[in-house]
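The next block holds one structure in the form of structure tokens; read it before the comments.
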Amino acid sequence: MSVFSDLVGQEAAVEVLSHAARTPAAMTHAWLFTGPPGSGRSVAARAFAAALQCPDGGCGDCEACHTVLAGSHPDVEVVAPEGLSYSVREMRQLVVDAAMAPLRRRYRIVIIEDADRFTEQASNAFLKTLEEPPPRAVLLLCAPTLESEDVSPTIRSRCRHVALRTPPTAAVAEVLVRRDGVDPAMAAFAARIAQGHIGRARRLARDEDARRRRREVLALPQQVGTVPGALTAAENLISAAKEESLALTAELEARELADLRAALGATEGKPAPRGTAGAFSDLEKRQKSRATRTERDALDRALTDLAGFYRDVLVMQSGGGAEIVNADLAEQVAAVARATTAEATVRRIDAVLACREQVGLNVNTLLATEAMALALRAG
Ligand SMILES: [Zn+2]
């Protein structure tokens, strides 16, 4: 057992990280984890943090390992932007967090999720900490790629880079069976359609509603025949993303509210004490901006599925006999393939990818989705 055993299909990264954790001379204060969504960037950062705090380099069994992985170690802070990007206020808090001396003897670790969501101002506020790190501080940044639209060259040049790859389908299926007790056939199916996104594979394997939403999204290519059909399909896509996001956050939000009520002494039946309304509206604001982000992420995944569907269409149209990803929907894929040409399919894949790009920028998601649905319609 080791803290790295949940890092699926990332043998090369695990080797670098466990060596650094065991060899102080190989240690450096800033690391940048990159990898496609769902490859396990933040899982890797947390595992590394545990290995650094563990006297045995990440045994997976001791108190340090347990508390880091459970998110309750006093010297490991995980930060994520509350809105679509980090605010300067959040960045200042991060700088203060990093500067604290470790409460225990080892390291003071700050895990920075979504480091691609630094604004220029936030980036400037952070740079000094990165350039002159406080003693014992370790900064672990997570971002999708090394490209300059994700991470500024200045930040990149000051971090040691760990690249995670899209985990192989078989490795994802294996972990679903081993850790989550999923039936092997279901695990293989979910791993294949999730295309290397571990969290999504797990949800698809365990949640019938998540599977239903995927089927609804992938019905879109057959609904966009007319203008009204395309507009309805776009609306459905947005509401599927909302539903997916709600399923992901509802439980967390309820727990946060219960925790806040308990902290303020407003337990069962007792009203919240005077003067605490501000704390509740702060929480509500935070939850709302997180929901916006989760919704965009869910829409992005739906669009990824849709692009995958059209890639399957293209596979069938080119007739090479290669295996398709959405094998359970082979009939629908074949129907779309028969009705159009490979050239039109390539154009459609481009339309879906353009929409993904728009959704990643701060645009009106319904307008972007409608434009895409209309582009998917003709020829
Ligand atoms: Zn340990």
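We did not get these values from a lab; they are worked out from the coordinates using the rules stated. Keep in mind that this is a model prediction, so the values were computed, not measured. Virtual Cβ from ideal backbone geometry, glycine too; neighbours counted across all protein chains shown.
A compact table of results
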item: Crossing angle, helix 277-318 versus the chain [Cα axis fit, 0-90 degrees, rounded to tens]; result: 40
item: Computed [θ] at 222 nm, deg cm²/dmol, the chain (DSSP H ≥ 4; -39,500 (n - 2.57); rounded to nearest 500); result: -19500 deg cm²/dmol
item: Label point distance in nm, Asp282-Arg106, each placed 7 Å from Cα along Cα→Cβ; result: 3.1
item: Candidate lysines - alpha carbon under 27 Å from Lys288, same-chain residues fewer than 8 apart omitted; result: Lys242, Lys270
item: Within the stretch 266-343: Cβ-based charge dipole about Cα centre, in debye rounded to nearest 20 (Lys, Arg +1; Asp, Glu -1); result: 680
item: Neighbour cut-off at most 15 other Cβ (10 Å), DSSP loop, trypsin sites (Lys or Arg not before Pro), the stretch 274-379; result: Arg274
item: Neighbour count of at most 12 Cβ within 10 Å plus DSSP loop: longest GluC sites (Glu not before Pro)-free window in the chain; result: 1-146
item: Amide N proximity, the stretch 83-120 versus Arg136 label position 7 Å along Cα-to-Cβ, cut-off under 15 Å; result: 97-110
item: Neighbour cut-off at most 10 other Cβ (10 Å), DSSP loop, chymotrypsin sites (Phe, Trp or Tyr not before Pro), the stretch 16-71; result: none
item: Per-pair calculated FRET efficiency, R0 = 41 Å: Ala330 and Glu120 via Cβ, rounded to 0.05; result: 0.30
item: Rounded Å value of the spacing that divides the Cα centres of the stretch 300-379 and the stretch 50-104; result: 40
item: Using alpha-carbon coordinates, inclination of helix 227-263 to the longest axis of the chain, degrees; result: 20
item: Nearest 10 degrees, 0 to 90: helix 184-193 Cα axis against the chain principal axis; result: 80
item: Relative contact order, percent, the chain [alpha-carbon distance under 8 Å, six or more residues apart]; result: 15
item: Estimated FRET transfer efficiency when R0 is 22 angstrom, pair Leu127-Glu147 (beta carbons, to 0.05); result: 0.70
item: The stretch 126-169 and the stretch 197-258: distance between their alpha carbon centers, rounded to Å; result: 32
